[in-house]
Amino acid sequence: MGILLKEILAVLPKDGKDEICRTDIYLQGDKIAGIGAEPEGFSGEKVIDGKDKLVIPGLINAHTHSYMALLRNVADDLTFEDWLFGHIEPIEDRLEPEDAYWGACLAILEMMRSGTTCFSDMQMHIHQTSRAVSESGMRAVIARGLVGSGDDEAGQSRLREAYEEKEAWKDCPRLTYFLGPHAPYSCDEDFQRIVASEAAKNHMGIHIHLSESTNEVENIRGQYGASPIALARRAGLFDGLAAAAHCVHVDEEDLEILKECQVSVITNPASNMKLGNGFAPVPDMLAKGINVCIGTDGAASNNSLNMFHEMNLLGLIHKGVRQKADCVSAREIFRMATIGGAKALGMEQTIGSIEVGKKADLAILNLRTPSMTPRNDLLAGLCYSANGSEVETVIIDGKITMEDGKILTLDEDRIYAEISRICRRLGIEKD
Ligand code: NI
């Protein structure tokens with residue numbers, strides 16, 4: 001289907017920076033076919049009037065655990081250990097596979113409504129999540145969460161499951177698979193080594209949690225004589241495409257390794273602060289030339305999957321804590337949420353910006369809202385005054401998945417009903 005976005009304000013890249021211009025944008029099939037001039041052979045079947053609208057590249061949520069949308073607001077104001085081992089894991093143990101499908105649907109609904117068109121997931125219910133992604137029209141990179149020691153059978157069977165899922169969905173262009181060694185405290189060095197060689201053999205990227213808490217860093221140093229980041233490099237996890245969530249407690253040597261190995265850092269400001277872990281030194285990472293992108297983490301620890309909220313928080317914490325208002329800019333933050341995420345997923349040639357030839361993954365915002373009025377610096381507005389409710393139309397892979405506020409690809413009422421049923425069974429939803 002051909003779609004013309006007529007005379008619309010658009011965030012377009014120019015010389016490595018973003019600027020806002022009014023233009024016509026032509027979408028044909030799954031791609032952006034033209035900007036400004038009509039491309040040859042364009043057959044427009046639909047016109048979206050750009051009056052009072054702003055089109056942005058769809059946001060990329062580079063670290064989440066989608067099914068955990070089920071566990072939103074069930075365990076709050078607890079220490080990290082009490083949160084994870086005392087509350088979240090006992091509920092997770094009672095989840096049935098189909099619960100994860102509805103959890104993923106809820107997560108996708110929330111992300112789509114707030115302008116996210118691609119997410120990078122780490123978890124064990126990959127089959128149910130793949131189904132939800134396929135049906136919803138969303139784009140996702142799904143990493144099978146892996147825990148293991150040495151070459152134990154449990155770790156091996158999870159690896160096999162990852163390959164089977166990758167093979168099963170090889171014809172869906174919106175699904176990509178990574179390997180997700182969970183963290184250095186759940187994957188020992190030998191197992192990390194095995195995962196690294198399997199990733200290389202199967203041309204898969206790595207998605208891992210690293211240096212999230214001071215406890216983790218101290219324990220890993222005690223056990224291996226290396227920081228979590230140095231250990232991951234030693235095990236070969238950084239030999240190919242790799243993205244590391246958190247990287248909160250890092251030293252100069254860690255930053256050197258991340259830079260040298262071209263590892264992308266996924267910062268998760270809300271989750272890191274809510275669990276009392278601190279936050280990554282993003283301005284230092286940017287100054288070093290490390291690719292930084294943004295994730296929400298799961299809804300059990302955020303508790304939202306709204307990338308506008310995350311962009312806002314990212315800007316404010318660093319300015320406030322450093323008492324330095326120019327240490328990170330709205331323009332840098334917006335790029336982290338778009339092309340930075342694409343780079344972390346090895347997809348910067350296909351998504352992350354509005355350019356001819358790239359996939360048509362777009363979010364259209366209504367500018368007739370208090371948060372975007374007056375129309376001064378709209379890029380600043382995206383980071384500091386927007387809240388995601390301005391998003392009214394979403395296009396992914398050239399298909400409209402949400403139009404004028406209505407989700408076209410998911411049954412929203414059914415999702416709410418199923419989530420309620422599941423959470424009552426689990427005893428976590430009351431009246
Ligand atoms: Ni996480």
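The values are calculated or read from the model by the stated rules, or taken from the named source; none is laboratory data. Source: prediction; values computed, not measured. Neighbour counts run over all protein chains shown; Cβ positions are idealised from the backbone, glycine included. The protein model used for the area step is the full one, side chains on, heavy atoms only, and it has no ligands, DNA or RNA in it. Shrake-Rupley method; radii C 1.70, N 1.55, O 1.52, S 1.80 Å.
Taken over the stretch 1-58, the criterion of being among the charged types (D, E, K, R), open to solvent by less than 50 Å² (accessible area, probe 1.4 Å) and under 29 Å from A140 (Cβ atoms) is satisfied by D18, D30, K53.
Name the single residue that is nearest to the chain's Cα centre (by Cα) among those in the stretch 366-391 being open to solvent by 30 Å² or more (accessible area, probe 1.4 Å) and among the charged types (D, E, K, R). Among residues in the stretch 366-391 that are open to solvent by 30 Å² or more (accessible area, probe 1.4 Å) and among the charged types (D, E, K, R), the one nearest to the chain's Cα centre (by Cα) is D377. On inspection, S304 qualifies as open to solvent by 20 Å² or more (accessible area, probe 1.4 Å), within 21 Å of D121 (Cβ to Cβ), modelled with pLDDT of 95 or more and within 16 Å of the ligand (Cβ to nearest atom). Counting only strands (runs of 3 or more DSSP E) that fall entirely inside the stretch 353-431 and contain at least 1 residues that are out of contact with any strand residue (DSSP E or B) (no Cβ under 7 Å at 6 or more places or on another chain) and within 19 Å of I8 (Cα to Cα), the qualifying elements are 399-403. Here R331 clears all of (1) among the charged types (D, E, K, R); (2) closer than 17 Å to N387 by Cα; (3) open to solvent by less than 40 Å² (accessible area, probe 1.4 Å) except the condition numbered (3). Just one of S264, S211, S271 is in contact with an Asp or Glu (Cβ under 6 Å, 6 or more places away or on another chain) and in contact (Cβ under 8 Å) with a residue 12 or more places away in the chain; which is it? Step by step, each of S264, S211, S271 is checked, and only S271 is in contact with an Asp or Glu (Cβ under 6 Å, 6 or more places away or on another chain) and in contact (Cβ under 8 Å) with a residue 12 or more places away in the chain. Exactly one residue out of E189, E164, E110 is open to solvent by 40 Å² or more (accessible area, probe 1.4 Å) and either over 16 Å from the mean Cα position of the chain (by Cα) or aromatic (F, W, Y) (or both), and it is E164. Does T409 fit the bill of being within 21 Å of the chain's Cα centre (by Cα), open to solvent by 20 Å² or more (accessible area, probe 1.4 Å) and not aliphatic (A, V, I, L, M)? Yes, satisfied.
Here is a yes/no grid of residues against (1) over 25 Å from A140 (Cα atoms); (2) in contact with a strand residue (DSSP E or B) (Cβ under 8 Å, 6 or more places away or on another chain):
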site	(1), (2)
A69	no, no
N73	no, no
L78	yes, no
D82	yes, no
I88	no, no
E96	no, no
Y101	no, no
C105	no, no
R113	no, yes
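Screening the candidates D151, D121 for the property of being over 17 Å from G346 (Cα atoms) and either open to solvent by 10 Å² or more (accessible area, probe 1.4 Å) or modelled with pLDDT of 95 or more (or both) yields one hit, D151.
Yes or no, residue by residue, for (1) in contact (Cβ under 8 Å) with a residue 24 or more places away in the chain; (2) acidic (D, E); (3) closer than 28 Å to A143 by Cα:
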{"position": "V356", "(1), (2), (3)": "yes, no, no"}
{"position": "A380", "(1), (2), (3)": "yes, no, no"}
{"position": "A386", "(1), (2), (3)": "yes, no, no"}
{"position": "D404", "(1), (2), (3)": "no, yes, no"}
{"position": "I415", "(1), (2), (3)": "yes, no, yes"}
{"position": "S420", "(1), (2), (3)": "no, no, yes"}
{"position": "R424", "(1), (2), (3)": "no, no, no"}
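Somewhere in the stretch 247-254, is a residue over 25 Å from S130 (Cα atoms), assigned to a helix (DSSP H, G or I) and open to solvent by less than 40 Å² (accessible area, probe 1.4 Å)? For the stretch 247-254, residues over 25 Å from S130 (Cα atoms), assigned to a helix (DSSP H, G or I) and open to solvent by less than 40 Å² (accessible area, probe 1.4 Å): present. Out of the residues in the stretch 92-107 that are of a type in the set (D, E, K, R) and assigned to a helix (DSSP H, G or I), which is least open to solvent (accessible area, probe 1.4 Å)? Only one residue fits best here, namely D99.
Scanning the stretch 256-275 for residues that are open to solvent by less than 10 Å² (accessible area, probe 1.4 Å), away from the ligand (no atom under 12 Å from the Cβ) and assigned to a helix (DSSP H, G or I) yields a count of 3. Among the residues that make up the stretch 219-227, is at least one of them away from the ligand (no atom under 16 Å from the Cβ), of a type in the set (G, A, S) and in contact (Cβ under 8 Å) with a residue 12 or more places away in the chain? Yes, the conditions are met somewhere in the stretch 219-227. Among all residues of the stretch 176-183, there is at least one that is of a type outside the set (K, R), open to solvent by 10 Å² or more (accessible area, probe 1.4 Å), closer than 30 Å to R414 by Cα and away from the ligand (no atom under 16 Å from the Cβ). Quick check on A143: is it modelled with pLDDT of 95 or more, open to solvent by 50 Å² or more (accessible area, probe 1.4 Å) and within 25 Å of H203 (Cβ to Cβ)? Answer is no for this residue. In the stretch 78-90, is there at least one residue being within 16 Å of the ligand (Cβ to nearest atom), of a type outside the set (F, W, Y), at pLDDT 95 or above and open to solvent by 10 Å² or more (accessible area, probe 1.4 Å)? No - not one qualifying residue is present in the stretch 78-90.
Taking helices (runs of 4 or more DSSP H) as the structural unit, those lying wholly within the stretch 287-349 and holding at least 1 residues that are over 22 Å from L241 (Cα atoms), hydrophobic (A, V, I, L, M, F, W, C) and touching a residue at least 60 places away in the same chain (Cβ under 8 Å) correspond to 307-322, 330-335. Here is a list: E429, E403. Which entry is among the charged types (D, E, K, R), at pLDDT below 95, out of contact with any Lys or Arg (no Cβ under 6 Å at 6 or more places or on another chain) and open to solvent by 30 Å² or more (accessible area, probe 1.4 Å)? So the residue among E429, E403 that is among the charged types (D, E, K, R), at pLDDT below 95, out of contact with any Lys or Arg (no Cβ under 6 Å at 6 or more places or on another chain) and open to solvent by 30 Å² or more (accessible area, probe 1.4 Å) is E429.
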